Structures are given as structure tokens and as C-alpha cells.
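Q: Below is one structure. I have some questions about it.
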Amino acid sequence: MPSRSFPVGLTVGPVLYFWPRATLLQFYAELADSPADTLVIGEAVCARRRELRLDDWLALGRELAQAGKTVVLAAQALVETEADLRLIERQGEQTEFAVEAADASTLQLLAGRVPLVLGPHLNIYSRAALAEHAGLGATRWVAPIELPLDAVGLVNPPDDRVQTPQGQTIETEAWAFGRVPLSFSARCFTARHHQLAKDACQYRCLGDPDGLPMLTAEREPFLVLNGTQTQSAGVQCLLADGAALRAAGVQRLRLSPCSQGFGQVLRDFDAVFNHGEPAGGRAEAWSRSGVPTPLSNGYARRLPGMQWSAPR
């Protein structure tokens, strides 16, 4: 029998890996005719990744908006240089799209200038913190990825949501699919792996469309290197956690892109959450279309993050 569904918005997060220009444009052309209603676009990991520059992202955003999508610009997560700050300033000068902040400096520069989305890397773990950020012009909160779903519901309760000074309720979004970003560093670990300097990296991460896997001494998946970002080897998947997501007041699900099989992932989330179809067996079948493994859902269930707990 079909499972009980509850309508949710589907957000495709920014592409976290370094993909060639043609690959990026093809990816977004396919998303234009997909169940996702919101797309976060732009470079969030490394300023040296310049296959598309800001003007290119803005032009792409206009095309996606014409296709009926809500577009959000991603700000860089690790702000290191004056050039990084100037790029954020330019994002604040445009008036077409909201900006997703991943760093406190972005909030300081853009508050009151453009609508803001509070990204998952901001340290918002309490209702008081969320209320403080709501005063900066934020309308949506992407919960920190390591925050259990029951705790998400305490920060922004479904029956008593945090509001902006203008009376608009803050929307809650949860990371429902994708490798978990664990940290950012001024060092580039991909370049270091290839014995190269960060500023002369030869763009080696172009060869790792889903990051560079790292194994334990026992040859078990452990971490993934993605330039200056370190990710989990496990791919978080909350496809079967509808009841917990509903109880936490989650209104949107974030799906983080991977290089293969992502279209099927997106269709399956839409089928389960918006059309009442059963989740059973769907995630387990993704590997046949190239979706990275292993799957994990420990953080959402107050378990070790790498753990995979079978659907309840």
C-alpha cells in the first residue's frame, strides 16, 4: 500500500565537487525539468574553481528561474582573502536571487541587502540563535547536518515557528541526501595528496567527480577529500525517515548532487514524500545507477554518523 506522504519542497544543493563547465550546464539543463523546485547554485568550496564565474551563474540562474525554479546563490564557505570578500559583495549587489550564507562574514556583509538562507555550516543549535539570525533577513534555515531530527524540532518547533521581525515564519530544511561535509581547511588536501602546492594544484579535483575516497587500514570507506573540504564516506539518506521529518517540522529536503544517478534519487524522493509511494528498496537500488555508497543516517537518529539503520 502507498505510504502516507506529506508535501515537502525539494532543494538541490550546490554542486560541491569540481565539474567541467559542460558537465555543470548539462546537469542544470536536466534539473530544469525535474521535481526540484529550488536550486542552490554557485561555488561553495574553493575560490580556485572557476569553470563558471559569477556572471555565468547569474545568467544560469535567470534561465532556471524562467523554467519555474526558485534560485539561490551559494556563498563560499571558507572566506580567506580580499578577493573572496569582494565576490560576496558582488553577490549582495545583485537583486534577483537570495544568497545562502555559509560563514558569519557573509551574514555581516549581506544582512539587510538581499534575502538570506541560513546554510548548514552556520552554528545554529538553539531557538534563541535562530531567532537572532532571523533578524538579519533570513527566511530559511538549513539545519546543521549533525543535528538529530528530534533536536531540529526543538530549534524551530512546527507548532511555534521562529519568525522574522516582519512576521514571516522561518522555514526548516534538512539535509536528506548526500555526503556530509565535515570540515573546511585553508589547506587543499587533494593537492597535498598529489604532492602539489595549493596555489599550483593543477586542478586535480577535476578528476574526482565525487571526491577522492580515503580508506582505513582495513580498507573500509572512511572519508572523502574534496579540495579544501573533507566529507564523510557515507552518503546520508533520509528517504525512509518521513515520520521523524514530519514530527520535526521539516518543510524542505536538501539533496546534494552526485555525478551519477542523481536524477533517480530526486525522482524517488519526490515519489515517496509528495506522492505517497513506499520507500522500501529504492535507496538500496541506487548503486546500480552509480550513486556513491555506503548509505548512512546515524546523525538523524542520534547514532554514530557513519551508521546505517535499516528503514523502520
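Q: Could you tell me whether the stretch 251-258 includes any residue that is under 23 Å from residue 40 (Cβ atoms), without any contact (Cβ under 8 Å) to a residue 60 or more places away in the chain and out of contact with any Pro (no Cβ under 6 Å at 6 or more places or on another chain)?
A: Within the stretch 251-258 (the criterion being under 23 Å from residue 40 (Cβ atoms), without any contact (Cβ under 8 Å) to a residue 60 or more places away in the chain and out of contact with any Pro (no Cβ under 6 Å at 6 or more places or on another chain)), the answer is no, since none of the residues qualifies.
Q: Would you pick out the residues in the stretch 235-244 that are closer than 27 Å to residue 76 by Cβ and at pLDDT below 95?
A: Residues satisfying the conditions do not exist here.
Listed here are the residues, each with its yes/no results for (1) out of contact with any strand residue (DSSP E or B) (no Cβ under 9 Å at 6 or more places or on another chain); (2) of a type in the set (D, E, K, R); (3) at pLDDT below 95.
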position	(1), (2), (3)
187	yes, yes, yes
191	yes, no, yes
199	yes, yes, yes
209	yes, no, no
221	no, no, yes
225	no, no, no
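Q: Separate question: Identify, please: which residue in the stretch 186-242 is in a strand (DSSP E or B) and of a type in the set (Val, Ile, Thr) and is, among those, surrounded by the fewest Cβ atoms within 10 Å (Cβ to Cβ)?
A: Of the stretch 186-242, the ones in a strand (DSSP E or B) are 212-215, 221-226, 229-237.
Right, trim to of a type in the set (Val, Ile, Thr) and you get 224, 230, 235.
On the way: 224: 25, 230: 18, 235: 27.
Once the filter is applied, the top-ranked residue is 230.
Q: Name the one entry in 6, 27 that is in contact (Cβ under 8 Å) with a residue 60 or more places away in the chain, among the aromatic types (Phe, Trp, Tyr) and outside any loop (DSSP other than H, G, I, E, B).
A: Numbers: 6 fails: outside any loop (DSSP other than H, G, I, E, B).
Every option except 27 fails the conditions.
Q: So for the stretch 282-292 (the condition being small (Gly, Ala, Ser), in contact with a Phe, Trp or Tyr (Cβ under 6 Å, 6 or more places away or on another chain) and in contact (Cβ under 8 Å) with a residue 12 or more places away in the chain), does at least one residue qualify?
A: no
Q: Could I ask something else about it? Taking the residues in the stretch 76-111 that are closer than 16 Å to residue 40 by Cα, touching a residue at least 40 places away in the same chain (Cβ under 8 Å) and of a type in the set (A, V, I, L, M, F, W, C) as candidates, determine which candidate is surrounded by the most Cβ atoms within 10 Å (Cβ to Cβ).
A: Selected residue: 102.
Q: Taking the condition free of Cβ contacts under 8 Å to residues at least 60 places away in the same chain and surrounded by 19 or more Cβ atoms within 10 Å (Cβ to Cβ), does residue 129 pass?
A: Working: free of Cβ contacts under 8 Å to residues at least 60 places away in the same chain: yes; surrounded by 19 or more Cβ atoms within 10 Å (Cβ to Cβ): no.
In short, no.
Q: May I pose another question? Going by the conditions given, is residue 202 over 16 Å from the mean Cα position of the chain (by Cα) and not small (Gly, Ala, Ser)?
A: In short, yes.
Q: OK, next. If you go through the stretch 68-88 one residue at a time, do you hit one that is in contact with a Lys or Arg (Cβ under 9 Å, 6 or more places away or on another chain), at pLDDT 95 or above and of a type outside the set (A, V, I, L, M)?
A: no
The values are calculated or read from the model by the stated rules, or taken from the named source; none is laboratory data. Because the structure is predicted, anything quoted here is derived from the model rather than measured. Glycine gets a Cβ as well: all are built from the backbone with ideal geometry, and neighbour counts include every protein chain shown.
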